[in-house]
Amino acid sequence: MPELREALDALLADVPPARLTDSVRRLIEVYRSGLPAGEPLIRNMVDATAYAAYRMPATHAAVVAALATLPAIAPRSHVDLGGGTGAAAWAVQERYGTLQHTVLDQVPEALKLGERIAKQYTWQPWQLGEPVPAADLVTASYVLTELDEEQQHTLVEQAAAAAGTAVVLIEPGTPPGYRRILAARDQLMRRGWHIAAPCPHELACGLQGRDWCHFAARVNRSSLHRRLKEASLGYEDEKFSFVAAVPGPAGTRGRVVRHPAFRKGLVTLQVCQPDTTVGPVLVSKREGQVYKAARDAEWGDTWPPPS
Ligand SMILES: C[S@@+](CC[C@H](N)C(=O)[O-])C[C@H]1O[C@@H](n2cnc3c(N)ncnc32)[C@H](O)[C@@H]1O
């Protein structure tokens, strides 16, 4: 991550700060609206730089966190659909080392910007529906959110068809983001994929109708990042929803779906269980090793932890 941060900060030197700030403001506004984009939101090199500087650290952190939930796999190739400036490729490289990474996107400026800081990847202009090269691992982060329902269906079909080892889809951790992930999860299962994470089962989500499944990734903000977002805190928590699918049946361990609550001698974990129930698991100090594990448990971890 420091490497990505340094690369991003260096990029900013080329663009007048006022133009960047204007572009960040516009992008924040359109992303907050949550509507399908209709037309590309990144319109020029300034937008691409602004996107990379203010959003990429967070989307990168979310992808890193989602990949960490996958069972042991050893992909040799990776395709990122709607990869923009390459956040997911950086994340995949961090987890699995340098693979053959291909970033596909409709916006040439985003690809160009991404290539400036990661020349080792293949950057390829691509419109949804155009052929996708086969790869072991296929990702799409924060893309479904820009698509209408039919396009979302197309993207998931393309990901499911192109991937050999894993498909990982990541969306904003909002109720609509969660609903898009649920639809994608169903679609992946219909295509014969199995759910590796976050769910410990392949039945209907136990949170549906009362809550939404999402997670958080901590992102430290550089001073430039803070300035661009006109923010004062030195960090932000990126909320995301995701689904990770693999070809064969996968883990059935529960998952912690909220920040654990700590009281003296007692940890309360909200756990999504293999039987689809979601509720509190209380672990008291009397439970020794299990208590120690519960104290270390974080939102997004499996529970019980691997022995
Ligand atoms: C919010 S950005 C996410 C970029 C990157 N995946 C990330 O996580 O930082 C959404 C990306 O999807 C791309 N995209 C949206 N609709 C597309 C389409 N119909 N065909 C190809 N790319 C598309 C956009 O150009 C943009 O780069």
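Here is a yes/no grid of residues against (1) at pLDDT below 95; (2) more than 24 Å from Glu146 (Cβ to Cβ); (3) in contact with a Gly (Cβ under 6 Å, 6 or more places away or on another chain); (4) of a type in the set (A, V, I, L, M, F, W, C):
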{"residue": "Thr165", "(1), (2), (3), (4)": "no, yes, no, no"}
{"residue": "Ile170", "(1), (2), (3), (4)": "no, no, no, yes"}
{"residue": "Arg179", "(1), (2), (3), (4)": "no, no, no, no"}
{"residue": "Arg190", "(1), (2), (3), (4)": "no, no, no, no"}
{"residue": "Pro198", "(1), (2), (3), (4)": "no, no, no, no"}
{"residue": "His201", "(1), (2), (3), (4)": "no, yes, no, no"}
{"residue": "Ala204", "(1), (2), (3), (4)": "no, yes, no, yes"}
{"residue": "Arg210", "(1), (2), (3), (4)": "yes, yes, no, no"}
{"residue": "Phe215", "(1), (2), (3), (4)": "no, no, yes, yes"}
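Is it the case that region 26-34 has a residue that's open to solvent by less than 20 Å² (accessible area, probe 1.4 Å) and either within 11 Å of the ligand (Cβ to nearest atom) or free of Cβ contacts under 8 Å to residues at least 60 places away in the same chain (or both)?
Residues of region 26-34 that are open to solvent by less than 20 Å² (accessible area, probe 1.4 Å), as a first pass: 27.
Filter again for either within 11 Å of the ligand (Cβ to nearest atom) or free of Cβ contacts under 8 Å to residues at least 60 places away in the same chain (or both), leaving 27.
Within region 26-34 (the criterion being open to solvent by less than 20 Å² (accessible area, probe 1.4 Å) and either within 11 Å of the ligand (Cβ to nearest atom) or free of Cβ contacts under 8 Å to residues at least 60 places away in the same chain (or both)), the answer is yes, since at least one residue qualifies.
Can you find, within region 192-237, the residue that is nearest to Leu12 (Cα to Cα) among those that are among the charged types (D, E, K, R) and open to solvent by 80 Å² or more (accessible area, probe 1.4 Å)? Don't jump to the end; show me each part of the working.
Taking region 192-237 first, the residues among the charged types (D, E, K, R) are 202, 210-211, 218, 221, 226-227, 229-230, 236-237.
Next, only the ones that are open to solvent by 80 Å² or more (accessible area, probe 1.4 Å) stay: 210, 218, 227, 230.
Values: Arg210: 42, Arg218: 23, Arg227: 12, Glu230: 15 Å.
Looking at the filtered set, the residue picked out is Arg227.
With respect to the numbered conditions (1) over 18 Å from Ala197 (Cα atoms); (2) away from the ligand (no atom under 13 Å from the Cβ), which one is the sole condition not fulfilled by Glu109?
(2) is the only condition that Glu109 fails.
Checking the structure you have, find out if any residue of region 86-100 is open to solvent by less than 10 Å² (accessible area, probe 1.4 Å) and at positive phi.
Scanning region 86-100, I find at least one residue that is open to solvent by less than 10 Å² (accessible area, probe 1.4 Å) and at positive phi, so the answer is yes.
Which residue is farthest from the chain's Cα centre (by Cα), if the candidates are limited to region 238-277 and must be closer than 22 Å to Pro172 by Cβ and open to solvent by 30 Å² or more (accessible area, probe 1.4 Å)? Walk me through how you get there before you give the answer.
Here is the first cut: in region 238-277, the ones closer than 22 Å to Pro172 by Cβ are 238-245, 255-259, 270, 272.
Checking which are open to solvent by 30 Å² or more (accessible area, probe 1.4 Å) leaves us with 239, 258-259, 270.
On the way: Lys239: 9, Arg258: 17, His259: 18, Gln270: 21 Å.
Selected residue: Gln270.
Restricting the search to region 112-149, which residues are within 19 Å of Leu70 (Cβ to Cβ), within 13 Å of the ligand (Cβ to nearest atom), part of a strand (DSSP E or B) and not hydrophobic (A, V, I, L, M, F, W, C)?
Thr139, Ser141
Would you call Val107 closer than 22 Å to Thr165 by Cβ, of a type outside the set (Gly, Ala, Ser) and touching a helix residue (DSSP H, G or I) at 6+ places or on another chain (Cβ under 8 Å)? I'd like the intermediate steps shown before the answer.
Values: closer than 22 Å to Thr165 by Cβ: no; of a type outside the set (Gly, Ala, Ser): yes; touching a helix residue (DSSP H, G or I) at 6+ places or on another chain (Cβ under 8 Å): yes.
For Val107, the condition - closer than 22 Å to Thr165 by Cβ, of a type outside the set (Gly, Ala, Ser) and touching a helix residue (DSSP H, G or I) at 6+ places or on another chain (Cβ under 8 Å) - is not met.
Return the total of residues in region 48-68 being in a helix (DSSP H, G or I), more than 10 Å from the ligand (Cβ to nearest atom) and not hydroxyl-bearing (Ser, Thr, Tyr). If you could, list the steps in order and put the result at the bottom.
As a first pass, look at region 48-68 and keep what is in a helix (DSSP H, G or I): 48-54, 56-67.
Those still in the list that are more than 10 Å from the ligand (Cβ to nearest atom) too: 49-50, 53-54, 61, 64-67.
From what's left, not hydroxyl-bearing (Ser, Thr, Tyr): 50, 53, 61, 64-67.
The total comes to 7.
Which residue pairs have Cβ atoms closer than 7 Å, lie 6 or more positions apart in sequence or on different chains, and pair a first residue in region 207-225 that is closer than 17 Å to Thr59 by Cα and assigned by TED's automatic domain parsing to the domain that holds Thr174 with a second residue that is among the aromatic types (Phe, Trp, Tyr) and open to solvent by less than 20 Å² (accessible area, probe 1.4 Å)?
His214/Tyr178; His214/Phe240; Phe215/Phe240; Ala217/Phe240; His225/Tyr54
Starting from region 52-74, take each residue that is open to solvent by 20 Å² or more (accessible area, probe 1.4 Å) and list its partners that are at pLDDT 95 or above, counting only C-beta distances under 6 angstrom and pairs at least six apart or across chains.
Note: pairs meeting the criteria are Val64/Ala91; Ala65/Ala217; Thr69/Ala197; Thr69/Ala244; Pro71/Ala196; Ile73/Thr165; Ile73/Ala166.
Of all residues in region 168-180, which are in a helix (DSSP H, G or I), within 16 Å of the ligand (Cβ to nearest atom) and open to solvent by 10 Å² or more (accessible area, probe 1.4 Å)? Working first, answer last.
Our first condition is that a residue be in a helix (DSSP H, G or I); within region 168-180, this holds for 175-180.
From what's left, within 16 Å of the ligand (Cβ to nearest atom): 176-177, 180.
Residues satisfying the conditions are Pro176, Arg180.
Residues Phe242, Phe262: which one is closer than 16 Å to Ala204 by Cα and touching a residue at least 24 places away in the same chain (Cβ under 8 Å)?
Details: Phe262 fails: closer than 16 Å to Ala204 by Cα.
Step by step, each of Phe242, Phe262 is checked, and only Phe242 is closer than 16 Å to Ala204 by Cα and touching a residue at least 24 places away in the same chain (Cβ under 8 Å).
For Leu104, only one of the following conditions fails: (1) within 10 Å of the ligand (Cβ to nearest atom); (2) open to solvent by 20 Å² or more (accessible area, probe 1.4 Å). What is its number?
Only one criterion is unmet by Leu104, namely (2).
The values are calculated or read from the model by the stated rules, or taken from the named source; none is laboratory data. All values reported here derive from a predicted model rather than from experimental measurement. All Cβ positions, glycine included, derive from the backbone under ideal geometry; neighbour counts span all protein chains shown. Areas reflect the complete protein model, heavy atoms only, side chains present, ligands, DNA and RNA absent. Shrake-Rupley method; radii C 1.70, N 1.55, O 1.52, S 1.80 Å.
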